[in-house]
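Undergrad: Right, I'll just put the structure down here and ask away after.
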Amino acid sequence: MGATFEDSFWETDFNGTLGFDVLNRRMKDGQKVCHDIIEFFKKRAKADQQYGKTLRNIARAAEDNEDGDLGVSWKTALTHTVKTAILHENSAMHYTRLVDDLTKYAEGAKVEIKQIEEKMKERLKTKKITHGKMTECKRTYIDKCRESQNLEEQYESAKMAVTTTVKELEKLRVKTEKSRENMEKADTAYKQSVDTLEHARVHWIADMEDCCRNFQSLEEERIYIIRDELWKCSNIDSQLCVDWDESCESIRRCLEVCDVQNEIRNFIRTNMTGKIRPGRIEYENYFTDQNTNSSSLPRSKGLRALEAQTENRNSYTSTPFITTHLLPAIHLLPTERSAVRNSSPPSPRSPPVPVPRTSRGFMSDSYSPCSSRKYPHSSTYQDVDEDDEYSVIH
């Protein structure tokens, strides 16, 4: 069996309290350590809770705009961040449980230590009072013994002296006997005080032994519980690191299959706009362009489209498709309308093809300007470009 408190905290001073004071201070220091560890666990729980919440907010705020294998890796990293947040939140819950367990033990131990302390202080107080009474009885006893001894010596001397009268001798005798009686009473009181003190001493020693055993039991329990709580704390952090590393490993596996050239090819294949580069812009002389443009009126884009369509139709008929009664419906400049009215039909390159006449021009009965934007009398119907759109009004 190892060392014990019961055999290690005594002292020779009868009223000494050094051993008890050392043990009691140890108990109080142990309680303070418990409270410090509880505060540590509380702060760790709060820190993990706040860290997990921060990680969640970071993952939610991040935008997922990447494609390909790199995008998968980025998504995995965000998922890992959320998982890490969950791990820290779980860690905070574990620390909270440790706080509850250690707080429960500390409160119970505090009550038990308080009871033992009060009991020992009461025993110490009783022992000191009893010792004080014994000391007073001893002092009285010694004084009475000395007084009786002096009177005995005086009485013997008076008996030997020839000048001492009978009356004086009788007076000394009575005084000596009374002193002897007082001495005997003091002796009895002194003996009783010693017995009472011994009784108090025995009880105090027994209580001190119980106190030492109880304090040692509480100390062993405290050490065991704190060791167990710190072990659990280490397990929480260790498991957190293991889970964290496994989550990081998933990110590394995704990054291993990420190839730079593949990412470039995927981006080009998905977002390619073309391979032809813009052509060279030639120099245009202002005066040359002005002389060329002065010989002809400006033409709108709609007129150019109509001329192209008319030229295509005139290859089949000598009658122009553009008639004067359609001019108000065409978006032309005033000068262009006059030019169209005054223009003569081109020479036919082939015999004219009879076309059924309508009240509005050379159109087939099936042609509906409102329902179709295609021109008749053409081997291939072409849609009018949206930018060159015009309408025909009945």
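The values are calculated or read from the model by the stated rules, or taken from the named source; none is laboratory data. Remember, predicted model here, so these are calculated numbers, not experimental data. All Cβ positions, even for glycine, are placed from backbone atoms using ideal geometry, and neighbour counts span all protein chains on display. The protein model used for the area step is the full one, side chains on, heavy atoms only, and it has no ligands, DNA or RNA in it. Shrake-Rupley method; radii C 1.70, N 1.55, O 1.52, S 1.80 Å.
Undergrad: Among all residue pairs at least 6 apart or on different chains, which show Cβ distances below 7 Å where the first residue, located in region 90-108, is within 12 Å of Ala47 (Cα to Cα) and at pLDDT below 95 and the second is open to solvent by 40 Å² or more (accessible area, probe 1.4 Å) and part of a helix (DSSP H, G or I)?
TA: Every condition considered, the pairs that remain are Ala92/Gln49; Tyr95/Arg44.
Undergrad: For region 62-107, how many residues are over 30 Å from Cys34 (Cα atoms) and either of a type in the set (Asp, Glu) or not in a helix (DSSP H, G or I) (or both)?
TA: 7
Undergrad: Considering every residue within region 237-246, establish whether at least one is over 35 Å from the mean Cα position of the chain (by Cα), small (Gly, Ala, Ser) and loosely packed, with under 11 Cβ neighbours inside 10 Å.
TA: No, every residue in region 237-246 fails to be over 35 Å from the mean Cα position of the chain (by Cα), small (Gly, Ala, Ser) and loosely packed, with under 11 Cβ neighbours inside 10 Å.
Undergrad: Being in contact with a helix residue (DSSP H, G or I) (Cβ under 9 Å, 6 or more places away or on another chain) and open to solvent by 50 Å² or more (accessible area, probe 1.4 Å) narrows it down to one residue among Asp69, Asp100; which is it? Explain how you work it out, then say what you get.
TA: Working: Asp100 fails: in contact with a helix residue (DSSP H, G or I) (Cβ under 9 Å, 6 or more places away or on another chain).
Just a single option satisfies the conditions, and that option is Asp69.
Undergrad: Name, by its number, the condition in (1) open to solvent by less than 70 Å² (accessible area, probe 1.4 Å); (2) of a type in the set (D, E, K, R); (3) over 30 Å from Lys133 (Cβ atoms) that does not hold for Arg227.
TA: For Arg227, the exception is condition (1).
Undergrad: Something else now. Hey, among the residues in region 1-23 that are in a helix (DSSP H, G or I) and open to solvent by 70 Å² or more (accessible area, probe 1.4 Å), which one's farthest from Ser217 (Cα to Cα)?
TA: Ranking the candidates gives Leu18 first.
Undergrad: Give Arg56, Arg60 a once-over and let me know the one that is out of contact with any helix residue (DSSP H, G or I) (no Cβ under 7 Å at 6 or more places or on another chain) and open to solvent by 60 Å² or more (accessible area, probe 1.4 Å). Spell out the reasoning first.
TA: On the way: Arg56 fails: out of contact with any helix residue (DSSP H, G or I) (no Cβ under 7 Å at 6 or more places or on another chain).
Result: Arg60 is the single residue among Arg56, Arg60 that is out of contact with any helix residue (DSSP H, G or I) (no Cβ under 7 Å at 6 or more places or on another chain) and open to solvent by 60 Å² or more (accessible area, probe 1.4 Å).
Undergrad: List pairs: first in region 49-77 and acidic (Asp, Glu), second in a loop (DSSP other than H, G, I, E, B), Cβ under 6 Å, 6+ apart or cross-chain?
TA: Close Cβ pairs satisfying both conditions: Asp69/Val257; Asp69/Cys258.
Undergrad: Okay, moving on. I'm trying to understand the selection: among the residues of region 247-272, which are farther than 16 Å from His80 by Cβ and charged (D, E, K, R)?
TA: From region 247-272, those farther than 16 Å from His80 by Cβ are 257, 259-272; that's our starting set.
Residues satisfying the conditions are Asp259, Glu263, Arg265, Arg269.
Undergrad: Regarding Lys110, is this residue over 26 Å from the mean Cα position of the chain (by Cα), part of a helix (DSSP H, G or I) and closer than 11 Å to Cys34 by Cβ?
TA: Values: over 26 Å from the mean Cα position of the chain (by Cα): yes; part of a helix (DSSP H, G or I): yes; closer than 11 Å to Cys34 by Cβ: yes.
So Lys110 fits the description; yes.
Undergrad: Taking the condition farther than 30 Å from Ile37 by Cβ, loosely packed, with under 13 Cβ neighbours inside 10 Å and among the basic types (Lys, Arg), does Arg180 pass? It would help to see each step written out before you state the result.
TA: Working: farther than 30 Å from Ile37 by Cβ: yes; loosely packed, with under 13 Cβ neighbours inside 10 Å: no; among the basic types (Lys, Arg): yes.
The answer is no for Arg180.
Undergrad: To continue, here is another question. Taking the options Phe287, Phe321, name whichever one is modelled with pLDDT under 85, more than 30 Å from Leu78 (Cα to Cα) and crowded, with 16+ Cβ neighbours inside 10 Å.
TA: Just one listed residue meets the conditions, Phe321.
Listed here are the residues, each with its yes/no results for (1) open to solvent by 50 Å² or more (accessible area, probe 1.4 Å); (2) among the basic types (Lys, Arg); (3) over 30 Å from Asp195 (Cα atoms).
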| residue | (1), (2), (3) |
| --- | --- |
| Ile142 | yes, no, no |
| Glu147 | yes, no, no |
| Leu151 | no, no, no |
| Glu156 | yes, no, yes |
| Thr163 | yes, no, yes |
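Undergrad: Return yes when Thr188 is of a type outside the set (Lys, Arg) and not in a helix (DSSP H, G or I) and no when it is not.
TA: no
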